[in-house]
Amino acid sequence: MLKNPETEQKIDALLAKMTLREKIGQLNQLGGSPVGGFGVTKEEAEGLYQAGNITKEQYDAICQGGTADANEDAVRRGEVGAFLSVQGREYTNRLQRIAVEESRLGIPLLFGLDVIHGHRTVFPSPIAEACTWNTDTFEESAHIAAREAREDGINWTFTPMLDIARDPRWGRIVESPGEDTYFATRYAVAKIKGFQGEDMSTSDRICACAKHFVAYGQGEGGRDYNTVDMSEAKLREVYLPPFEAAIEAGVGTIMPAFNDLSGIPCTSNKWLLDTYLRGEHHFEGFCISDAHAVKQVRFAGTARDEADAAVQSVSAGCDMDMGCEHYIHHLEGAVANGILSEEVINEAVRRVLRVKFALGLFEHPYVETPREPSVLSAPHRAAARDAARRSVVLLKNDGILPLSQKTNILVVGYFADRGDEMLGSWVISGQGEDSVTLLDALNSRGVDYTFVPCVGADMTVDFNLLDNALAAAEESIVLAMVGEKRDNVGEACSKGHLDLEGEQSEMLAHIHASGKSLVTLLFNGRPMTIGQEAEISNAVVETWQLGVEAGNATLDVLFGDYNPSGRLTVTFPRHVGQCPTYYNHPKIGRPYSALSKWTSKYIDDETAPLYPFGYGLSYTTYTYENLVLRVEDDILAVSVDVTNTGSVPGEETVQIYTQCRYGLRVRPVKELKGWDKVFLYAGETKTVTVRIARKTLGYYDAQCNFITEPNTYFVWAAHDSSSGVQGEIAF
Ligand code: BGC
């Protein structure tokens, strides 16, 4: 899709004029900071320098507060193809002008930024937004982020993250669409459409990047950056399909993951980046290393030195070096020494230029000042609020919710008035003051409440203050907003414990002991082990990290203006020992049985999770009846009658699961294969039909042949992965 004869001719013509150094320049992305898109303190820089992770020049540059001038000279010499985390229309235009007007060949620059869940209008974190199960929302939030980012000089984002995440110890679960492969394929397509549109050269689109390629979420022990070893069949079945969907959707770039895959770092993995990506799947865009990952090939010990790491990576198909400048420093020498063929470099440059042409940068390199800036515009905020309230998952409700406007409430919790926290874990342009907090929303709604500021930033609780307030309060309902700080989830934030941080659980116990009703609002980026806390709460509402409209969206749900429709896309474990935990695990010979010791279980704790994949309550109830399974050529059509049996309207997510009864490799107990969303008035019934292509039911045998032979299937139409009406069909 990126390739077309006219552009290929232009690329060849340009390539013919380029010196080797200029070619390598196109493969060089200069970082905003020496560790990627993040700022580092002098102390951290000292540590990085001592550990050999950054050079003396980089260390000095950080201490002196920047490398702007050096960057500009490098651009002038044609030694830079892209920047990371440089933003702002004025500055990007200035650098672009140097590239276009002062470098010998005038090749425009790419400006890449982690626009992960919104630019200035911050949307819910990916794990939250995934719970909407709404592909229109996925697409719209990406489109809005693209529009705001491009206005700001950015033409490339490092998202969507398509890592299948089944281990909540891993902090980056917050950036993922969750644990399910089929779900992630649908998410991938919607996100790429949203960012790139039909034509990424238009002023409201940017180039996307599917990451982290691949299996990064499978790191041992849930530890970030850790090693991954798995069979190729599992890789093909669980981890690769979202990337295949991204390629089919025309994604411009792909980022190899930090981890090694069965002994070879992804960054220098020729099978992955060349045989599989280009050979099997005809990916036409380019691969960008993760931040400083080329250097890490050496640290992993499969390269002898920096030059070796650079040669291995570019030869494998990692076209651009993010931030460590090993390509620009070593590849010229490698070609001169005959270690590396210039044709490898030519091919990498072709791929990079292809994306620059697709973005229209040769025709329109600069960003114009918009007549009406779109950042934080009313429609963008409205979309953020809608996405946020759809992301909320009601986990427990004994009938206390929805609240009545007249209820007097006591509010506790560090997060209740923290705009910065609401933005979530990966936000670069978002500002805390743009966020509507819970207290802001209560104020603007005119709700009578008292806030007790008894939780400190270190998550300790002033129990005197709390207990006195509880004793004195006339209010009978306490809203407690608890969880984990946004800085404690995300990259480099693996945890060994998934409890509420600090003394927050004890605080909930005090509230419960006071005899007041307790509504627990969870603020977090990963499943937490909240079994006991849920037990003592009258309601538990998973609000995740909802972005700039967090407070409004939360109140929309709490007061019943919006009937919660969010469904989990990750399993909530009861205890850390259950991790990794996911609904679609392979069948086993001795599955769990409460009746027999000699089955797969924990002898000291529960085996079943707290909340299953797909789970979520609403203010109404639904029944499923009359499951009909029909074969229509190569399609399995699943129909079911869904009735709203409660007294308020609601939107149900009808989930279709299958189990392939007999396999050449062990098959999962259940697999999501489709879903539909249906809006139902109280008492209304609708027939929902989901069509599943035979290919979607295929799997890999141990030799990695894709099997789509006829089989027998159990099929469930369900509210979540642990329930549903079941049928069986040969297909
Ligand atoms: C992360 C990537 C990110 C890159 C650039 C890395 O540390 O793993 O997801 O895109 O930094 O900021």
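The values are calculated or read from the model by the stated rules, or taken from the named source; none is laboratory data. Fair warning: this is a prediction, and the values are worked out from it, not measured in the lab. Cβ sites come from the backbone with ideal geometry, for glycine too, and all protein chains shown count toward neighbours. We work out accessible area using only protein heavy atoms, side chains counted, and drop any ligands, DNA or RNA first. Shrake-Rupley method; radii C 1.70, N 1.55, O 1.52, S 1.80 Å.
Tabulated data for the structure shown
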{"item": "Qualifying residue in the range 75-83 (condition: buried (at least 23 other Cβ atoms within 10 Å of the Cβ) and assigned to a helix (DSSP H, G or I))", "result": "yes"}
{"item": "In the range 175-207, residue farthest from the ligand (Cβ to nearest atom) [restricted to those that are polar (S, T, N, Q) and crowded, with 24+ Cβ neighbours inside 10 Å]", "result": "Q196"}
{"item": "Filter result for the condition that a residue is β-branched (V, I, T) and either assigned to a loop (DSSP other than H, G, I, E, B) or under 34 Å from the mean Cα position of the chain (by Cα) (or both), over T529, T450", "result": "T529"}
{"item": "Positions within the range 382-403 being part of a helix (DSSP H, G or I) and crowded, with 18+ Cβ neighbours inside 10 Å, in sequence order", "result": "A383, A384, R385, D386, A387, A388, R389, R390, S391"}
{"item": "Looking only at the range 270-290, and only at residues there that are within 22 Å of D308 (Cα to Cα) and either in a helix (DSSP H, G or I) or open to solvent by 10 Å² or more (accessible area, probe 1.4 Å) (or both), the one that is nearest to the ligand (Cβ to nearest atom)", "result": "D290"}
{"item": "Identity of the residue in the range 208-225, part of a loop (DSSP other than H, G, I, E, B) and surrounded by 24 or more Cβ atoms within 10 Å (Cβ to Cβ), that ends up nearest to the ligand (Cβ to nearest atom)", "result": "A208"}
{"item": "D321 assigned to a loop (DSSP other than H, G, I, E, B) and either within 16 Å of the ligand (Cβ to nearest atom) or under 24 Å from the mean Cα position of the chain (by Cα) (or both)", "result": "no"}
{"item": "Leading residue by the ranking (nearest to the chain's Cα centre (by Cα)) among those in the range 463-487 that are among the charged types (D, E, K, R) and crowded, with 23+ Cβ neighbours inside 10 Å", "result": "R486"}
{"item": "Test result for A348, touching a Leu at 6+ places or on another chain (Cβ under 6 Å) and surrounded by 24 or more Cβ atoms within 10 Å (Cβ to Cβ)", "result": "yes"}
{"item": "Residue satisfying condition, being open to solvent by 10 Å² or more (accessible area, probe 1.4 Å) and touching a residue at least 40 places away in the same chain (Cβ under 8 Å), within set R172, R147", "result": "R147"}
{"item": "Residues of the range 103-136 classified as among the polar types (S, T, N, Q), more than 12 Å from the chain's Cα centre (by Cα) and open to solvent by less than 10 Å² (accessible area, probe 1.4 Å), total", "result": "2"}
{"item": "Unmet requirement for V100, which otherwise passes all of (1) open to solvent by 10 Å² or more (accessible area, probe 1.4 Å); (2) more than 15 Å from the ligand (Cβ to nearest atom); (3) among the aliphatic types (A, V, I, L, M); (4) touching a strand residue (DSSP E or B) at 6+ places or on another chain (Cβ under 9 Å)", "result": "(4)"}
{"item": "In the range 491-521, residue farthest from the ligand (Cβ to nearest atom) [restricted to those that are in contact (Cβ under 8 Å) with a residue 60 or more places away in the chain, among the aliphatic types (A, V, I, L, M) and part of a strand (DSSP E or B)]", "result": "V519"}
{"item": "Failed condition for R418, given (1) without any contact (Cβ under 8 Å) to a residue 24 or more places away in the chain; (2) surrounded by fewer than 21 Cβ atoms within 10 Å (Cβ to Cβ)", "result": "(2)"}
